[in-house]
1. Can you give me the accessible area per residue for region 114-174, using a 1.4 Å probe, in Å²?
2. Kirkwood hydrodynamic radius (Cα pairs, Å) of region 38-94?
3. Can you tell me which of 123-132, 39-48, 161-170 comes out highest on packing, and rank the rest after it, using the mean Cβ neighbours within 10 Å?
4. At 1.567 mPa s and 4 °C, plugging the Kirkwood radius over alpha-carbon pairs of region 24-174 into Stokes-Einstein gives what diffusion coefficient in µm²/s?
5. What are the extents of the Cα atoms of region 84-166 along their three principal axes, in Å, largest first?
6. Tell me the carbon and sulfur percent of the accessible area for region 29-174, rounded to whole percent, probe radius 1.4 Å.
7. Averaging over every viewing direction, what projected area does the convex hull of the Cα atoms of region 100-145 cover, in nm²?
8. Would you give the gap between the C-alpha center of region 107-174 and the C-alpha center of region 58-94, rounded to a whole Å?
Amino acid sequence: MCTTSSRGRRFATVFVIVIVVSTTTARAEDSETPANVTEARERVARGESLYRLGDYDAALVEFQQAYDVIGEHPNRYLVLFNIGRCHHQSFRYDQALRFYRQYLREGGDEAPDRADVEGLIEELQGLLGTLRVEIDIEGVEVWLDDRSIGTAPGSLSVPSGVHTIELRAPGYVT
């Protein structure tokens with residue numbers, strides 16, 4: 001498993017155990033398991049395999065679809081950690097932060113290894129800079145390289161490095 005710290009490896013192990021236990025339970029109750037939960041489990045399993053192969057973007061697609069399809073399942077938030085891991089491994093630290101924070105919000109006090117996720121958040125914050133965009137038009141979309149990162153005017157967190165920044169608004173030239 002490709003992770004950057006022992007903390008990351010511990011998370012991955014905990015999550016895999018949760019999925020294996022859930023999958024075992026699902027086999028015993030196949031006729032009672034809702035189709036969306038079965039599909040989500042399959043997507044998580046594919047995502048974990050892709051993640052282990054280092055294909056973080058493909059794993060991200062599977063995890064995001066699992067999160068979307070599972071509905072209001074009480075463990076839905078667990079998938080957010082894997083979404084954050086994929087962004088983290090792809091150096092999209094701002095996105096990783098977003099999903100780690102969402103994991104903590106949705107998981108509440110019950111989120112496994114809450115303190116470790118808070119440590120990851122603190123670590124990632126140190127890897128980001130602040131981009132302050134001042135413009136006299138409200139709701140302008142800010143793009144970093146090839147992805148939307150928020151709206152302006154305002155401040156946005158961005159990973160360090162050389163980037164292309166675009167401001168997009170209807171009726172204006174980018």
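1. On the way: 3860 Å² over 61 residues.
Counting only protein heavy atoms, the per-residue value for region 114-174 is 63 Å².
2. Numbers: mean 1/r = 0.0910 Å⁻¹.
Radius from the Kirkwood sum: 11.0 Å.
3. Values: 123-132: 13.1, 39-48: 20.0, 161-170: 11.6.
So the order, starting with the most tightly packed, is 39-48, 123-132, 161-170.
4. Working: Rh = 17.2 Å.
Estimated diffusion coefficient is 75 µm²/s.
5. On the principal axes, region 84-166 reaches 43, 25, 19 Å in Cα extent.
6. Working: 3840 of 7950 Å².
Carbon and sulfur: 48 percent of the exposed surface of region 29-174.
7. Values: hull surface 19.6 nm².
Convex hull of Cα atoms, orientation-averaged projection: 4.9 nm².
8. Taking the Cα centre of region 58-94 as reference, the centre of region 107-174 is 18 Å away.
The values are calculated or read from the model by the stated rules, or taken from the named source; none is laboratory data. Fair warning: this is a prediction, and the values are worked out from it, not measured in the lab. Don't worry about glycine lacking a Cβ; one is built from the backbone with ideal geometry, like all the others, and counts go over all protein chains shown. When the accessible area is computed, the model is the full protein with side chains, heavy atoms only, and any ligands, DNA or RNA have been set aside. Shrake-Rupley method; radii C 1.70, N 1.55, O 1.52, S 1.80 Å.
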